[in-house]
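Contents: one structure, followed by commentary.
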C-alpha cells in the first residue's frame, strides 16, 4: 500500500464500529473509483479492537490507515480524529456502509467547484436492486430535493474542502445522533450545500425491516432537542420537532376521552392524532411519484412517529439528568 502523503488530494474518513463486511464493501467502492488512487487516502476510525485483513482490499494503490478509538467516543469524535490525521486538500466523510458509484470522486470535485460559494456537496441515494418497501421509502425521503441547494445534508457521504471543515470547528462531539444536521447547518453559514444526482450511493445498512427501524429511530431521536441548542431553527425544520409532540398530546387526549366516555371528543382527538400522519403520507406518496403503495407509507409513519416520541422523551430525561 502507498504510504506517501505528499501527493494526497482526497482524504476519506470512515467512522466504524461492529460489522466488517459492510466496511469491506465501502472500501472496495473507493478502490473502484475512476480517479488516480495514488492521490487518495482512507482513514478508518474504528472502535473495534482489530480489523480483519480480509476487510481491506487485497490489491490497491490506496493508502489505508486504521485508527483504533475507545468505544465511549461519539461518531463526531471519530470523524474529528480522522480529520486531524488527514493530509488531503479535500475531506470525504462516509459512513461505514456506503457503496459509492465509480464516478463519485470526480463528480463531487466538479460539483464542489461548480459555484464559487458552494462549500459542501453530497451524492443522492440509490436503492439496492432488491430493495424492500422500507428501503424504497427511506431512499425517496432522502431524495425529496435533488440537484439543488439544500439546508442540511445527511452524513453518509459528504465532500468539502479541509479549510471549510476547520472553519466550523468540526463535528459536535457532545451529540450522540443528529450530529450531521448540526454540522451541515454550521457549514451552511459559510456558503451553499448542494445535493447532486451526478453520482450515487447505496446505503448498504439501510433499514429493511420495521422492527429494526423502530429501535434505530428511538436511538436517533435522543439528540433531537440537544441538536437545536445554540443554532437558529429554520421554518422547514419546525414540523419535525412539533409533529411528535402533536401526536403524543392528542393520543393521550384520545385515551382520556374514551376512558371518560366523551365519545365525540375522543373521535375528534383521534382524527387530530392521525392528521399529521395522513399529511406526511400524502407528501411521501407524491415524492415517490406513486411508486410506493400508500399502505406501506402509512405503516412506516405509524411506526416512525411513536419511535421518535420515545426517543425524544428519553433524550429529554437524559439531558435533565446531566
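The values are calculated or read from the model by the stated rules, or taken from the named source; none is laboratory data. Being a predicted model, the structure only gives us computed values, none of them experimental. For neighbour counting, all protein chains shown are included, and Cβ atoms are generated from backbone atoms with ideal geometry for every residue, glycine included.
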Practice task
Spot the failing condition for residue 50; the list is (1) surrounded by 18 or more Cβ atoms within 10 Å (Cβ to Cβ); (2) in a loop (DSSP other than H, G, I, E, B); (3) at pLDDT below 95, and only one is missed.
Solution key: (1)
Handout entry: Qualifying strands (runs of 3 or more DSSP E) (wholly inside segment 72-184; at least 3 residues being closer than 28 Å to residue 304 by Cα)
Key = 98-100, 118-125, 148-150
Practice task
Would you check if there is a residue in segment 45-53 being touching a helix residue (DSSP H, G or I) at 6+ places or on another chain (Cβ under 8 Å) and under 20 Å from residue 154 (Cβ atoms)?
Solution key: yes
Problem - Pick from segment 13-22, criterion in contact with a helix residue (DSSP H, G or I) (Cβ under 6 Å, 6 or more places away or on another chain) and modelled with pLDDT of 95 or more, ranking: nearest to residue 110 (Cα to Cα) - result: 13
Practice task
Of the numbered conditions (1) closer than 18 Å to residue 93 by Cα; (2) surrounded by fewer than 20 Cβ atoms within 10 Å (Cβ to Cβ); (3) in contact with a helix residue (DSSP H, G or I) (Cβ under 8 Å, 6 or more places away or on another chain), residue 190 fails exactly one; give the number of that condition.
Solution key: (1)
Problem - Conditions (1) within 28 Å of residue 141 (Cα to Cα); (2) surrounded by fewer than 18 Cβ atoms within 10 Å (Cβ to Cβ); number of the one not met by residue 265 - result: (1)
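Return yes when residue 299 is under 17 Å from residue 141 (Cβ atoms) and assigned by TED's automatic domain parsing to the domain that holds residue 242 and no when it is not. Full working, then the answer.
Values: under 17 Å from residue 141 (Cβ atoms): yes; assigned by TED's automatic domain parsing to the domain that holds residue 242: yes.
Yes; evaluated as a whole, the condition is true for this residue.
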Practice task
Tell me which residues, restricted to segment 98-130, are in contact (Cβ under 8 Å) with a residue 60 or more places away in the chain and over 20 Å from residue 184 (Cα atoms).
Solution key: 99, 100, 101, 102, 103, 106, 126, 127, 128
